[in-house]
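Enquirer: Structure in structure tokens, see below.
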Amino acid sequence: MRKITKHQIRVSFLGYFLSLTLISSCVSGQLGKNNGGEYKNGMVVSAHPEASAVGIEILKKGGNAVDAAVAVQFALSVVYPNAGNLGGGGFMVYRSAKGEINALDFREKASSSARRDMYLDSVGNPIVDKSLYGQLAVGVPGSVDGMVEAHKKYGKLNWNQVVQPAIDLAQNGFKITKRQASELNGLHRDFMKFNPNGTAFINLESTWKENDLLVQNELANTLKLIQEKGRAGFYEGAVADSIVAEMQNGKGLITKIDLQNYHSAWRKPITGTYRGYKIITMPPTSSGGIALIQLLQSVEPYPLKKWGHNADSTVQLIVEAERRVYADRATHLGDPDFYAVPKNELLKHSYNKNRMSTFNWNSATPSSSVLAGNVSGKEHEETTHFSIVDKEGNAVSITTTLNGSYGSLVVVKGGGFLLNNEMDDFSVKPGSPNMYGLVGGEANAIAPNKRMLSSMTPSIVEKDGNLFMVVGTPGGSTIITSVFQTIINVIDFEMQMQSAVSAKKFHHQWLPDEVYVEKDALDSLTTEKLKAKGYKIMSRGSIGRVDAILRTKWGTYQGGADPRGDDNAIGY
Ligand code: GLY
């Protein structure tokens, strides 16, 4: 098993949060790595300064937001390997300067030989590590196909130009941050276990230190093949051979046919309105877009602004909305190519109004009385989001992931990239309690070639027909909460972008029936009032790492880079 560190806690769901309270990440003040400036020509906000710099350089060369996004995705696979990836997947929400909107689903898929009970023992109980570690945990990667598709449809620079910065970073190396040095040292034994032939992440001579140069020659070679051959450089030929060989090292299921057959899907974005703003967000296979609109509809009739940010009435209302929406998520959401998601019903104002009708100001509604379904409750939080706007006003919102930190921990031998452990986002055992006492949903049961449900919620907000905000975050099941609270922080509480991102957040997800709050999110009086009504308040570490951009009424861009990580906003 992995050594337990801040980012790799693999214990029960309850224990996970309790542990996080003990080792909570330091939220270093209100300003992220953002010089606070406003820019006219464009902006990139991502989890790593090197990746944001790559995106801005592409924009300055005349690339558009999609060119920059492709370059940032590839750069993150080099400089932010705990979530940036070639071997994972993600979602893109796009809005052109003229108002065209689109969404790209490049989520991983189960192999064609995946089976519903593949992670169960002989008596039908989940074998937890099997969906979390090693080759069997891997879904067919979608990121490279996604980038090829996005670039083919909207890119302006040539493919060569957008892949090159990542090759340079892999080949020449980049200086790791203090946080990265500590993560790589913490995972040393696990990387040795899953990669006995070595990987660039293993330092055999010493321990990693801040500013050490991480050179990834095998990854550079893979990126060169992708640069030369596009999707065939990854899904066919030497890289595909290496992935399949890696599967055979550890009983993994992915075959050459699975790789050849992988294609990302253009989908119609989910749209909704909130206090006159238009929300454009990710449809299923994400649960996030539908849940975000449901949350906004649930709170819209109430005067949040009058009550105040994180005031007891505000928190109570949001917790009750989240309880109901997460209950719906658990039962009704899954891969739309396999399951008829009742999205029209879930997005009806009357439906959400009716759901909120059981809310009582005097006491917490017990989750046991809010029936809908169940959540797996163990989503991992090591995802990453980036937001980009270009000179014309085209906007891209991408959230991408390997699932757990460094995914399955398997680095493809010869390929130099990590493989995801996204299979764990399926309900491993639908219909009966999992190891956390929770029940998974039928909609998200494992099936061959099916995509696993996600909470990733890349979103774009419009005001009066113009771009207003680009927003998203990592955070597993807390993603939806963080995107929702960032949006209301701006619209209801009139915060600037950086303050809205930095503001302390809280989270409820129906089960467990607990309210998780970041340190200092609620004052003691608010906490006492909520406890008196029956809310179980649990302190925990950071919630989300939002990277967002706001367009001001003067047409300039403000960045919001989350101070909870090494995130960085650059404009020009
Ligand atoms: N792997 C986390 C998510 O997709 O929501």
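The values are calculated or read from the model by the stated rules, or taken from the named source; none is laboratory data. Owing to the predicted nature of the structure, the values given are computational and were not obtained by experimental measurement. Here Cβ is always computed from backbone atoms with ideal geometry, including for glycine, and neighbour counts include all displayed protein chains. When the accessible area is computed, the model is the full protein with side chains, heavy atoms only, and any ligands, DNA or RNA have been set aside. Shrake-Rupley method; radii C 1.70, N 1.55, O 1.52, S 1.80 Å.
Enquirer: Sort out which residues of the range 515-537 are open to solvent by less than 30 Å² (accessible area, probe 1.4 Å) and in contact (Cβ under 8 Å) with a residue 60 or more places away in the chain, and write them in order of number.
Expert: If the condition is that a residue be open to solvent by less than 30 Å² (accessible area, probe 1.4 Å) and in contact (Cβ under 8 Å) with a residue 60 or more places away in the chain, then Val515, Tyr516, Glu518, Ala521, Leu522, Thr526, Leu530, Tyr535 are the ones that fit.
Enquirer: Checking the structure you have, find out if any residue of the range 83-95 is within 15 Å of the ligand (Cβ to nearest atom), over 18 Å from Gly416 (Cβ atoms), of a type in the set (A, V, I, L, M) and in a strand (DSSP E or B). Walk me through it before giving the result.
Expert: First pass over the range 83-95, keeping only residues within 15 Å of the ligand (Cβ to nearest atom): 83-85, 87-93.
Still in the list and also over 18 Å from Gly416 (Cβ atoms): 89-93.
Right, trim to of a type in the set (A, V, I, L, M) and you get 92-93.
Remaining after also requiring in a strand (DSSP E or B): 92-93.
Taking every residue of the range 83-95 in turn, at least one turns out to be within 15 Å of the ligand (Cβ to nearest atom), over 18 Å from Gly416 (Cβ atoms), of a type in the set (A, V, I, L, M) and in a strand (DSSP E or B).
Enquirer: What tally of residues in the range 254-268 results from selecting those that are surrounded by fewer than 21 Cβ atoms within 10 Å (Cβ to Cβ) and not aromatic (Phe, Trp, Tyr)? Steps first, please.
Expert: Step one: filter the range 254-268 for residues surrounded by fewer than 21 Cβ atoms within 10 Å (Cβ to Cβ), giving 255-257, 260-261, 263, 265-268.
From what's left, not aromatic (Phe, Trp, Tyr): 255-257, 260-261, 263, 265, 267-268.
Looking only at that region, the number is 9.
Enquirer: Could you figure out which of (1) surrounded by 18 or more Cβ atoms within 10 Å (Cβ to Cβ); (2) at pLDDT below 95 isn't true of Trp554?
Expert: The one condition Trp554 does not meet is (1).
Enquirer: How many residues does the range 454-473 hold that are within 12 Å of the chain's Cα centre (by Cα) and either within 10 Å of the ligand (Cβ to nearest atom) or over 25 Å from Leu317 (Cα atoms) (or both)?
Expert: So the first thing to find is which residues in the range 454-473 are within 12 Å of the chain's Cα centre (by Cα), and the list is 454-459, 471-473.
Adding the requirement that they be either within 10 Å of the ligand (Cβ to nearest atom) or over 25 Å from Leu317 (Cα atoms) (or both) leaves 454-457.
So the answer is 4.
Enquirer: Which of the residues belonging to the range 167-194 are part of a loop (DSSP other than H, G, I, E, B), of a type outside the set (A, V, I, L, M, F, W, C) and either modelled with pLDDT under 95 or touching a helix residue (DSSP H, G or I) at 6+ places or on another chain (Cβ under 8 Å) (or both)?
Expert: If the condition is that a residue be part of a loop (DSSP other than H, G, I, E, B), of a type outside the set (A, V, I, L, M, F, W, C) and either modelled with pLDDT under 95 or touching a helix residue (DSSP H, G or I) at 6+ places or on another chain (Cβ under 8 Å) (or both), then Thr177 is the only one that fits.
Enquirer: Right, something else. In this structure, is Ser182 out of contact with any strand residue (DSSP E or B) (no Cβ under 6 Å at 6 or more places or on another chain) and surrounded by fewer than 18 Cβ atoms within 10 Å (Cβ to Cβ)?
Expert: Numbers: out of contact with any strand residue (DSSP E or B) (no Cβ under 6 Å at 6 or more places or on another chain): yes; surrounded by fewer than 18 Cβ atoms within 10 Å (Cβ to Cβ): no.
No.
Enquirer: Moving to a separate point now. Quick check, is Gly63 part of a loop (DSSP other than H, G, I, E, B), more than 16 Å from the ligand (Cβ to nearest atom) and surrounded by fewer than 18 Cβ atoms within 10 Å (Cβ to Cβ)? Walk me through how you get there before you give the answer.
Expert: Numbers: part of a loop (DSSP other than H, G, I, E, B): yes; more than 16 Å from the ligand (Cβ to nearest atom): yes; surrounded by fewer than 18 Cβ atoms within 10 Å (Cβ to Cβ): no.
No: the conditions fail for Gly63.
Enquirer: Can you tell me which of (1) outside any loop (DSSP other than H, G, I, E, B); (2) touching a strand residue (DSSP E or B) at 6+ places or on another chain (Cβ under 9 Å) is the one Thr526 doesn't meet?
Expert: Unmet condition: (2).
Enquirer: Could you tell me whether Gly476 is in a loop (DSSP other than H, G, I, E, B), more than 16 Å from the ligand (Cβ to nearest atom) and at pLDDT below 95? Please lay out each step first, then the result.
Expert: Values: in a loop (DSSP other than H, G, I, E, B): yes; more than 16 Å from the ligand (Cβ to nearest atom): no; at pLDDT below 95: yes.
No.
Enquirer: Restricting to the range 389-427, and then to whatever is hydroxyl-bearing (Ser, Thr, Tyr) and touching a residue at least 60 places away in the same chain (Cβ under 8 Å), can you tell me which residue is nearest to the ligand (Cβ to nearest atom)?
Expert: Of all residues in the range 389-427, those hydroxyl-bearing (Ser, Thr, Tyr) come to 397, 399-401, 405-406, 408, 427.
Subsequent filtering for residues that are touching a residue at least 60 places away in the same chain (Cβ under 8 Å) retains 397, 399-401, 405-406, 408.
Values: Ser397: 15, Thr399: 8, Thr400: 9, Thr401: 5, Ser405: 11, Tyr406: 13, Ser408: 12 Å.
Here the residue is Thr401.
Enquirer: Taking Lys152 as the residue in question, decide whether it is assigned to a helix (DSSP H, G or I) and open to solvent by 30 Å² or more (accessible area, probe 1.4 Å). Even if it seems obvious, please write down each step before you answer.
Expert: Values: assigned to a helix (DSSP H, G or I): yes; open to solvent by 30 Å² or more (accessible area, probe 1.4 Å): yes.
Yes: the conditions hold for Lys152.
Enquirer: Then there is this: Does the range 479-497 contain any residue that is modelled with pLDDT of 90 or more, closer than 26 Å to Arg564 by Cβ, open to solvent by less than 10 Å² (accessible area, probe 1.4 Å) and within 11 Å of the ligand (Cβ to nearest atom)?
Expert: The answer is yes; a qualifying residue exists.
Enquirer: Then there's this: Could you tell me which numbered condition Gln498 fails, if it satisfies all but one of (1) closer than 23 Å to Glu320 by Cα; (2) part of a helix (DSSP H, G or I)?
Expert: (1)
Enquirer: Trp510 passes all but one of (1) at negative phi; (2) in contact with a Lys or Arg (Cβ under 6 Å, 6 or more places away or on another chain); which number fails?
Expert: Only one criterion is unmet by Trp510, namely (1).
Enquirer: Filter the range 125-149 down to residues that are open to solvent by 50 Å² or more (accessible area, probe 1.4 Å) and not in a helix (DSSP H, G or I) and give me whichever is farthest from Tyr235 (Cα to Cα). Spell out the reasoning first.
Expert: Filtering the range 125-149 down to residues open to solvent by 50 Å² or more (accessible area, probe 1.4 Å) leaves 125, 127, 129-130.
Going one step further and asking which of them are not in a helix (DSSP H, G or I), we end up with 125, 127.
On the way: Asn125: 34, Ile127: 30 Å.
Restricting to residues being open to solvent by 50 Å² or more (accessible area, probe 1.4 Å) and not in a helix (DSSP H, G or I), the top hit is Asn125.
Enquirer: So Gln297 ticks every box in (1) among the polar types (S, T, N, Q); (2) closer than 22 Å to Asn489 by Cα; (3) open to solvent by less than 10 Å² (accessible area, probe 1.4 Å) but one. Which box is left unticked?
Expert: (3)
Enquirer: Also: What are the residues in the range 451-473 that are outside any strand (DSSP E or B) and either open to solvent by 10 Å² or more (accessible area, probe 1.4 Å) or in contact with a helix residue (DSSP H, G or I) (Cβ under 7 Å, 6 or more places away or on another chain) (or both), if any? Spell out the reasoning first.
Expert: First pass over the range 451-473, keeping only residues outside any strand (DSSP E or B): 452-453, 455-458, 464-465, 472-473.
Selection gives Met452, Leu453, Ser455, Met456, Thr457, Asp464, Gly465, Gly472, Thr473.
Enquirer: A further question on this structure: Could you give me the residue pairs with C-beta distances under 6 Å whose first residue belongs to the range 101-124 and is open to solvent by 10 Å² or more (accessible area, probe 1.4 Å), whose second residue is among the acidic types (Asp, Glu) wherever it lies, and which are 6+ apart or on separate chains?
Expert: Taking only residues 6 or more apart or on different chains, the pairs are Ser112/Asp258.
Enquirer: Restricting to the range 303-351, name every residue that is over 25 Å from Pro448 (Cα atoms), among the aliphatic types (A, V, I, L, M) and out of contact with any Gly (no Cβ under 8 Å at 6 or more places or on another chain). Full working, then the answer.
Expert: So the first thing to find is which residues in the range 303-351 are over 25 Å from Pro448 (Cα atoms), and the list is 303-327, 344-351.
Subsequent filtering for residues that are among the aliphatic types (A, V, I, L, M) retains 304, 311, 315, 317-319, 321, 325, 327, 346-347.
Answer for the range 303-351, where residues must be over 25 Å from Pro448 (Cα atoms), among the aliphatic types (A, V, I, L, M) and out of contact with any Gly (no Cβ under 8 Å at 6 or more places or on another chain): Leu304, Ala311, Val315, Leu317, Ile318, Val319, Ala321, Val325, Leu346.
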